[in-house]
Structure formats: C-alpha cells, structure tokens
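Derivation of every value follows stated rules applied to the coordinates shown; laboratory data play no part. The model shown is predicted, which means the values in this text are computed figures rather than measured ones. Every residue, glycine among them, receives a Cβ derived from its backbone with ideal geometry; neighbour counts consider all protein chains shown.
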Amino acid sequence: MKKALFIIATCIIFFGCKNSTEVTSKEKKDDLKVNDFAIIIHGGAGTILKKNMSDEKEAEYQQKLEEAIKVGHTILKNGGTSQKAVMKTIQVMEESPLFNAGKGAVFTHEETNELDASFMDGKTLNAGAVAGVKNVKSPIELAIKVMTDSDHVMLSGEGASIFAAEKGLEIVDPSYFYTENRFKSLQRIKDREKTELDHDDKKAAFYDADIKDSKFGTVGCVALDKNGNIAAGTSTGGMTNKRWGRIGDAPIIGSGTYANNKTCGVSSTGWGEYFIRNQVAYDISAQMEYKNVSLKQATQDVIQNKLTSLGGTGGVVALDKNGNMSFEFNTAGMYRASMDDKGKLIVKIYKE
Ligand code: ASP
C-alpha cells in the first residue's frame, strides 16, 4: 500500500514539475524582446472576398494601409511616442473614404454620420473616448484630447463637439463625412428592411450577410515605442443604419481598445455589441496577466472561442510588450498591416 502511494506521489511530482518546466520555457520564449518598436493596424473585418474585389480596389486598400502604417513606423523609428504614432496613423485612414472612420463613415438611419473613437495609453492606463460626434474632423485626436485635457474618459455628442472646439480641434461641416458609396449602402439596407419587415424572423433579416458587412471598415492601430510604451486607438462610424444613438464597442475602453505596458495593446473591429459583451480587448490583456499565456494564445481564445461561441464576428490587431504582433479574426478577411523594427512590412486583406 505504502509502496503504491509512494509511486503515485512520485508520478504527481514528476508530471507536475514537467508541466511547470514547460510553462517556464514558454514564458521565457515569450519574454524575449523581438522588436524594440513595432506597429500594427486594421481597416475593418468582414466578408471581404477576393471574388468581390476588383484589382484596382484591392490595390487602393493595400496602398492606403501601407501609407498609413509607414507614417506611424517613421515616428517610432525616429524615437517618437506610440501615442503620436497611433494618432497620425489613424488620421491617414480617417481621411481616406475607403474606411468607415472619419471621411467615409457609414450613415445612421437618419442619414447622418456619428463618429466614435477611443485611445489608451499603456504606461499610465489613462484613456480617452468620444461617441456620437458629428462635426469633428479627427475623432481619434479628440479622444486623445479627452484623455490629456479633461478629467473624463468619455464624452459624447454635442458636448464632445463643444470640448473639441474649445481645444482648437478642426470642426467641419457634417457634409465632409459624406461619401456616395456609404449613402447608397444605407439606402440598400433601408429598402431591404422595408421588404423584409413582415418576415417571421425580423432580426435575422435585419442582420443578413449584406447588412452585417455594410458596417465594417473601422480603423485601429497599436504601437510599441522605443521606450517600451504601448498605445492603442480605434476610430469608426459604427454600423450602417444605426439609430437611437447606438454606440458600439469602438469608444469603449476594454471592448474596442485597451493598452497596458505590462501586457499588450489591442484594437478591435467587428460586430460591436458582441465585443462589448465579451470585453474583448481587456480580456486579451487579462488572460496574459492572470493566465500567463502568450499574446497569440490570448487573441486566439478570445476571438475564435469566446466571441465565436456567442455568434460574434470580427477581429483584433494586438501587440505585446516585447513586440510580438497578432492579427486574429473569424471573418473571411480583415484589412490589416504590420511593420517591425527591421522595417519588415506585412499588408494583407484575405484570410491567407
Ligand atoms: N465595431 C464597430 C461597431 O460596432 C464596427 C466595425 O468595427 O466594423 O461600431
């Protein structure tokens, strides 16, 4: 009997040690600094299929992603802050009608554009966000101003615009955000809604594939600077046909954006309601902090298991304190790019 117990105890100690050795070597691997600085971006996730994309459009997206990421990369390379890199990179995409952020934002049911954005500083864990803004040219800049120049984390609507004007940010006529494509998308959805309102399963009809995809195109960026500071930001027009002041995940710290120098930075894109319910961005950081898993494991678990099991679609770009980077999404595609400290550039749209 004693002998049997001794054997069992020995086995437990042996396998227990083996397991912890494995964890230790994995931790060591992840603890290696792979990049002194790095930057990763997205321009939205969705049913982005090669068969639906012309060569010209594809090239336009690739060029804009490359242009945007190079702006941030140059800032980081020259010793600039991750905050500046994130803002300037996102601004390139906000100014492009290709993306659902700034100019090119989707339309609300009332045919207006209401913009959301957020930013987080991984060093101080300070953050700023804006929701439902209609006339501020750069929502990401405003989100950063909320962080640096107010006692608050989130401002919304008219109040946010008043704050922007007081701080000298560029105010534009709401027509600045108009693009024909986005307006047509809204009309298509409204037509569809009218014809399908009698459908038994109204919700399913409302969120059919077409409609789901017409909201994608949010932009986001995460950067690590030479001082080891991580910053993350996200900017969006939200969902086409949104109403009643709907606000998605993009301006919600912990859902659309999160950054912590101890773990990682994350920017999300996808069906916002699911990202809010899953606290996607914070969950990735929390898994790294509490479970000691790698960035890859955390992003995979949150997107492919937790988000997917609730029926949520979308993805994230994320970057950890050692400069490891991760694109993770459960949709057919995600506009995305990354650049490391050696200048290696990756620009991709589809799954592979
Ligand atoms: N997450 C955004 C929202 O729900 C949309 C998107 O990323 O495409 O407002």
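Just a few scattered comments:
- Scanning residues 5 or more positions from Asn241 or on other chains, those with amide H under 5 Å from its amide H are Phe107, Thr108, His109, with H placed 1.01 Å from N in the peptide plane.
- Summed side-chain charge close to Ile346 - residues other than Ile346 whose Cβ falls under 11 Å, Lys, Arg +1, Asp, Glu -1: +1
- GNM flexibility winner over the chain from Ala286, Ala131, Ala105 (Cα, springs under 10 Å): Ala286
- Evaluated at q = 0.11, 0.13, 0.14, 0.15 Å⁻¹: base-10 log I(q)/I(0), Debye formula over Cα of the chain: -0.67, -0.91, -1.05, -1.20
- The stretch 224-343: relative contact order in percent, alpha carbon pairs under 8 Å with at least 6 residues between: 23
- Max mean-square fluctuation residue, GNM over the chain, Cα-Cα springs under 10 Å, options Gln83, Gln297, Gln279: Gln297
- Helix 157-166 axis, angle to the chain major axis (alpha carbon atoms, nearest 10°): 90
- Difference of contour (0.36 nm per residue) and Cα-Cα distance, Ile162 to Gln304: 47.1 nm
- Net lengthening on full extension, Tyr176/Thr47 (0.36 nm per residue, minus Cα-Cα): 43.7 nm
- Cβ-based net charge around Leu155, under 12 Å, with every Lys or Arg adding one and every Asp or Glu removing one: -3
- Mean Cβ count within 10 Å, highest first, over the residues of peptides 31-43, 182-194: 31-43, 182-194
- Dividing the Cα radius of gyration of the stretch 77-132 by its Kirkwood radius returns 1.07 for Rg/Rh.
- 0 to 90° range, to nearest 10: angle between helix 2-31 axis and the chain longest Cα axis: 40
- Calculated [θ] (222 nm, deg cm²/dmol) that DSSP helices of n ≥ 4 give over the chain, each run adding -39,500 (n - 2.57): -12500 deg cm²/dmol
- Between Glu166, Glu158, Glu273, the GNM of the chain built on Cα springs shorter than 10 angstrom shows Glu166 fluctuating the most.
- Exposure proxy for Phe177, Phe99: other Cβ atoms within 10 Å of each Cβ, ordered fewest to most, give Phe177, Phe99.
- Each peptide in 48-54, 255-261, 304-310 gets a packing score, the mean of other Cβ atoms within 10 Å over its residues, and the list from highest to lowest is 255-261, 304-310, 48-54.
- The peptide list 228-241, 322-335, put in order of mean Cβ contacts within 10 Å with the highest first, becomes 228-241, 322-335.
- P(r) tail for the stretch 294-333: Cα pairs beyond 16 Å make up 31% of the total.
- Using the Cβ of Glu180 as centre and a radius below 14 Å, the other residues enclosed give a net charge of +3, where K and R count +1 and D and E count -1.
- Computed with the Debye formula from one identical point scatterer per Cα of the stretch 112-151, without solvent, the log10 of I(q)/I(0) at q = 0.16, 0.26, 0.31 Å⁻¹ comes to -0.36, -0.79, -1.00.
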